[in-house]
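The values are calculated or read from the model by the stated rules, or taken from the named source; none is laboratory data. These figures come from a predicted structure and were not determined experimentally. As a convention, Cβ positions derive from the backbone with ideal geometry for all residues, glycine included, and neighbour counts pool all protein chains shown.
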Amino acid sequence: MSDFLPQRSALIFQFEEHLARTRYSSTASKRYLAVAGHFLKYIEGLHMSIDAVQPSHVTKYLTRELRQFSRRHGRAPVSVDHWRGSHTAGVHQFLQCVVGPWPPSATAGSPNGAYRQALCAEYAQWLRERRGLAAETISERTAEAGRFLSWYGERNKTGTLSSVAIADVDAYLQSRAPSLRRVSRKGVAQRMRCFLRFAYATGTTERDFALCVMAPTLYAFESIPSALSPDQVDAVMQTSRNDQSPKGLRDYAILLLLATYGLRAGEITRLQLNDIDWRADRIFVRHTKTGSQSILPLMPAVGEALLAYLRRGRPKTDVREIFIRMRAPYRRFESGSSLYTLTRRRLDAAGVQPDGKRGPHAFRHARAVSLLRDGTPMKIIGDVLGHRSASSTSVYLKLATEDLRDVALDIPGRTQEEQT
């Protein structure tokens, strides 16, 4: 057992440095270090190296620790879920530090999992090099391909697409359909067509099954995107501005970026410190969906909100993204979807209950409508929103149908009374 002591000390020291570097609180650091020490002793008792640890070992360790807690205290923890969550977090953070990504993918080691990962990686490269698509679009399409491959692998012994048939494609689309609206089902069909074209072009399948994918028909101006009213936006902004906590300062700055510029959530989460030109009062935006770039004026209210957050709300960290999570480890938001909960929480706090979407895009739609009502040309609105084509911008006309009455054309040959 003494042979393990130097290794244990080195690993604990490595973990301690990691916790300090990522600025965990002293309380959390002590708890995680204690859990890591107990877990290392457990692994040593199994005469196992840390690299050989599997999720099953963590599960068995937690079961043993819970049993020992009950013996020591004569009772179970006040909250078993809280106890288990705290200990699990400590073990996972430790293993992420000394081993790498943890917990490992449940299917990465299986034949189907390895095949799926390799094919999705090849697909992503094909989308990037052959199609020239934006990173966000590539992520969406590879995610759909991964879902299909996982679904197919569970139903096919070979695990590969060598024997895929039209019936398999139809069955997958049917399995996805019940929980989706028609526009979403069309999106799934389009992503599947793209993946199946890739599979045929690269010889993965012998037939181009993309031609067999059926999608629902959508009509022009069929669906109306939801948007917050000006009064709702003002209510959310006022309530958020009153919260001067670090999280409140961060959330207010994010909401102001949404409401002022109509940015996509992913564009906000990717903003970096050097994207703000304080001397020239400009903000540099990378449009995640189109791959284009914009330079927008830094409005005074936005600048003040950003400064307040940077000075009094943002934890000290080496992360270059402006907006980061408020609990250690201080990391950037993984994606734009991370802002959905934040936005919904602020809507609820303001007592705003919109009929449609309640995420960041509701602010984007509201900004588009406000620009339309101010008489801003469609081309400029498209540039502000980062649209590549005019058709992407024209969809917002559906939200301002009442305003179209002001530009109604006179009908030749009829009097004003007849027209009314």
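Points worth noting:
- Just one of (1) in contact (Cβ under 8 Å) with a residue 12 or more places away in the chain; (2) closer than 30 Å to Leu19 by Cβ; (3) of a type outside the set (Gly, Ala, Ser); (4) surrounded by fewer than 17 Cβ atoms within 10 Å (Cβ to Cβ) fails for Asp281. It is (2).
- Filter result for Ile324 (in the same structural domain as Arg358 (by TED's automatic domain parsing) and touching a Phe, Trp or Tyr at 6+ places or on another chain (Cβ under 7 Å)): yes
- For segment 256-271, the criterion of being more than 20 Å from the chain's Cα centre (by Cα), assigned by TED's automatic domain parsing to the domain that holds Gly359 and at pLDDT 95 or above is satisfied by no residue at all.
- Screening segment 127-154 for residues that are part of a loop (DSSP other than H, G, I, E, B) and charged (D, E, K, R) and picking the one that is surrounded by the fewest Cβ atoms within 10 Å (Cβ to Cβ) gives Glu154.
- Of all residues making up segment 176-195, the number that are modelled with pLDDT of 95 or more and either farther than 17 Å from Thr137 by Cβ or touching a Cys at 6+ places or on another chain (Cβ under 8 Å) (or both): 0
- Where helices (runs of 4 or more DSSP H) sit wholly within segment 2-85, those with at least 3 residues that are within 30 Å of Asp318 (Cα to Cα) and at pLDDT below 90 occupy 4-21, 26-45.
- Filter result for the condition that a residue is among the β-branched types (Val, Ile, Thr) and within 29 Å of Arg320 (Cβ to Cβ), over Thr59, Thr63, Thr22: Thr22
- Within segment 171-187, residues that are of a type in the set (D, E, K, R) reach partners that are surrounded by 14 or more Cβ atoms within 10 Å (Cβ to Cβ) and at pLDDT 85 or above with beta carbons closer than 7 Å, at six or more positions or on different chains, in the pairs Arg176/Val188; Arg185/Ala177.
- Meets criteria (touching a residue at least 40 places away in the same chain (Cβ under 8 Å) and crowded, with 19+ Cβ neighbours inside 10 Å) for Ile254: yes
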